[in-house]
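What follows is a single structure, written as structure tokens, with notes after it.
Just so you know, all these numbers are worked out from the coordinates, no wet-lab data involved. Because the structure is predicted, anything quoted here is derived from the model rather than measured. Counting neighbours? That spans all protein chains shown, and the Cβs are built from the backbone with ideal geometry, glycine included.
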Amino acid sequence: MIFFDKVSKIYSKTSIALEGVSLSIGPKEFVSLVGHSGAGKSTLLKLLLAEELPSKGSVYFESVNVHSLPRRKLSLLRRKIGVVFQEFRLLSNKTVYENVAFAMEAAGRLSKEIEENVPFVLDLVGLTDKSSRFPDELSGGERQKVAIARAIINRPDLVVADEPTGNLDPVSTREVVSIFEKINKLGTTIILATHNKEVVDSLSRRVVTMEKGKIIRDDKSGRYQT
Amino acid sequence: MIFTKIKRVTKAGFVNFWRNGWVSLAAILVVVITLFAIGSLIFSKAVLESALNHIEDKVDISVYFKSGAEEKDVLAMKEVVAKLSEVKSVEYVSADKALADFKERHKDNATLLQSIEELDKNPLGAALNIKAKEISQYGSVAKFLDGKSDSSGDSIIDKVNYFQNKKIIDRLSNILDSAKKLGLIVSLVLALVSILVTFNTIRLAIYSSRDEIEVMRLVGASNRFASGPFIVEGAMYGFFSALIAMIIFYPIIVWVDPKIASVFSGVSLFRYYIDNFGQIFAILLGVGVFICSVSSLIAVRRYLKI
């Protein structure tokens, strides 16, 4: 489903983010991407979303080379991938409901579908009673749940999360991770970049470990090791 | 489908405009100043033009005929002059009327009136007062008249006062030309400066939303869907600014109107404002909406490159 083919990302001679990375991820997998800060996890995810271009190699999503797409088709690709960021990145002048609905509106879905699906997803992440709040009226954990709701509202095949628990307390972290597990059970592939040992150990799913722009370990059912 | 998108983009624009109240207000204030400057240019041009017309209208040349000239020759001359393409109007002043005017003008000067009475014959000749369409055309009208003679070959024209007034007429003509040119240059510079200021203000307003634009792109919004609300917001800045500028003009014009009228009699700015309200509002609205939405478009494009 996802295939990184000998991908390198070189900013300058002294700053090499990725070096000859090859990685294949199948449908319905739950992959944890671990490693220290600067190991290349975020770069790998940015390449998948075509936020950045690789210096060498290519990235395939559902057999399409994502970097061969013209900019106007990128939005079609991104609607198939839900994204969750460490710093939430919600639209600050939209309410919780509107933030989630925005992803559906952008995808051109019918108003009727939006009115049905948004409450359903808000219920799934447990935020039904906060749907008319603005992001800055929510706690970090709640904001991240909104971001997850937004990421899954279009029923994407893949959800990519870059350090989603980095700014959360342990209780919120557990809640957020359990939402990811729930989504994965419903059939969505998940890539979770993190350096939180407890999270990775509690999942006991596939773990890909990165260091200095390379993949140094790939365990089918692993634990966090450095 | 396209209709739904337009509806969503418009609605988002309205909502953003309202929720970013302070930013909207600040942007509108700057745009009001821009439109106010442009509106002032329109009004000053109107005042200047009508004042200049007023001055131009006071300029004429007079052709004085010899006192013995036959009335029919003078009238024939009037016909000829009236047909010239440069001439706007010709007024015939008979010898008797000239005398009456002279007496009226000098009614306080007893000695002068007495000496006139003592003459048994009217010493004044008939005259033609000629107005040209443009000040610069007086020269050619005067040249045409100079040396005209009656059927018998003698010149019936005593003098044409253009040649005495030439210097003043030329100078006035130069001043009017420079005033028009200067007005145009000042207008263009002011308009340019205010457009740049508006552009920068809107760029700053959108700069604060750059992260949101990126997020919209990353959750799958097309470029148009992400940038549309900003353009709607820009158009709303333009609309409200034009409305506010037009309202601000009202008290200012009421206040300034008598002052202008006292300097240039016969010029009414208030009348101009009322008569051309719709047209001026349309100009400000068009300029405002255009500048603001184009500024938004240019500003937002920078952040869509993702």
Exercise for review: Using a 10 angstrom cutoff on alpha carbons, build the Gaussian network for chain A and name the most mobile of A:Lys28, A:Lys182, A:Lys13.
Suggested key: A:Lys13
Revision key, fill the gap. Computed from the beta carbon distance with a Förster radius of 60 Å, FRET efficiency for A:Glu137 and B:His54 to the nearest 0.05 stands at 0.40
Review point. What whole number of Å gives the distance from the Cα centroid of segment A:74-110 to the Cα centroid of segment B:79-144?
Key: 85
Study note, to complete from the structure: Most exposed first, judged by fewest Cβ atoms within 10 angstrom, B:Ile185, B:Ile231 run B:Ile185, B:Ile231
**Study point:** Tally of Lys pairs whose C-alpha atoms are under 18 Å apart, taken over segment B:67-155, 8 or more apart or cross-chain
**Key:** 21
Check your understanding: Between B:Phe144 and B:Ala282, what FRET efficiency comes out of the Förster formula 1/(1 + (r/R0)^6) with R0 = 45 Å and r the beta carbon distance, rounded to 0.05?
Key -> 0.50
Check your understanding: Using alpha-carbon pairs under 8 Å, 6+ residues apart, how would you state the relative contact order of segment A:69-226 in percent?
Key -> 24
Point to revise | Ratio Rg/Rh, restricted to segment B:184-282 and using Cα atoms, in which Rh is the Kirkwood radius | key: 1.18
Check your understanding: What is the mean number of Cβ atoms from other protein chains located within 10 Å of the Cβ atom of each residue in peptide B:223-230, rounded to a whole number?
Key -> 2
Check your understanding: Order of B:Phe249, A:Phe102 from fewest to most other C-beta atoms within 10 Å?
Key -> B:Phe249, A:Phe102
Practice item. Provide the convex hull volume over Cα atoms per residue for the protein assembly as shown, in Å³. Key: 230
Point to revise | segment B:67-155 - charge dipole about Cα centre, Lys and Arg +1 at Cβ, Asp and Glu -1, debye rounded to 20 | key: 440
Check your understanding: For chain B, list the DSSP H helices whose alpha carbon atoms reach 27 Å or more along the long axis and whose average Kyte-Doolittle value is -0.5 or above?
Key -> B:21-58, B:162-207, B:223-263, B:277-301
**Study point:** Inter-label distance, nm, simple model (7 Å from Cα along the C-beta direction), B:Ala26/B:Ser44
**Key:** 2.9
Review point. Which value, in Å³ per residue, describes the convex hull spanned by the Cα atoms of segment A:61-128?
Key: 129
Practice item. Give me a single rounded figure for A:106-113: the average over its residues of other chain Cβ atoms within 10 Å of their Cβ. Key: 4
Revision key, fill the gap. Cα gyration tensor of chain A diagonalised, 5x eigenvalues square-rooted, in angstrom largest first, produces semi-axes 28, 21, 16
Study note, to complete from the structure: Residues B:Phe102, B:Phe36 in order from fewest to most other beta-carbon atoms within 10 Å are B:Phe102, B:Phe36
Check your understanding: Just counting partner chain Cβ atoms within 10 Å, what average do the residues of peptide B:211-218 show around their Cβ?
Key -> 6
Study note, to complete from the structure: The local net charge around B:Ser62, scoring Lys/Arg +1 and Asp/Glu -1 for residues other than B:Ser62 whose Cβ lies under 10 Å from its Cβ, equals -1
Review point. Quick one: of the DSSP bridges fully inside the protein assembly as shown, what percent are antiparallel, nearest 5?
Key: 65
Revision key, fill the gap. Rounded to the nearest whole number, the Stokes-Einstein translational diffusion coefficient of segment A:1-50 at 25 °C and 0.890 mPa s (Kirkwood radius, C-alpha pairs) in µm²/s is 208
Study note, to complete from the structure: Ordering A:79-87, B:208-216 by per-residue average of other C-beta atoms within 10 angstrom, highest first, gives A:79-87, B:208-216
Practice item. Provide, for q = 0.18 Å⁻¹, the log10 of I(q)/I(0) from a solvent-free Debye sum over equal Cα point scatterers in segment A:95-217. Key: -0.97
Exercise for review: With a ≥ b ≥ c taken as the square roots of the eigenvalues of the C-alpha gyration tensor of segment B:1-123, please select rounded if a/c is under 1.5 and otherwise prolate if a/b is larger than b/c or oblate if it is not?
Suggested key: prolate
Check your understanding: Over the Cα atoms of chain B, what is the Rg over Rh ratio if Rh follows Kirkwood?
Key -> 1.28
**Study point:** For segment B:67-155, convex hull volume per residue from C-alpha positions, Å³
**Key:** 116
Review point. Does anyone have the angle between helix A:140-152 and the longest principal axis of chain A? Alpha-carbon axes, 0 to 90°, nearest 10?
Key: 80
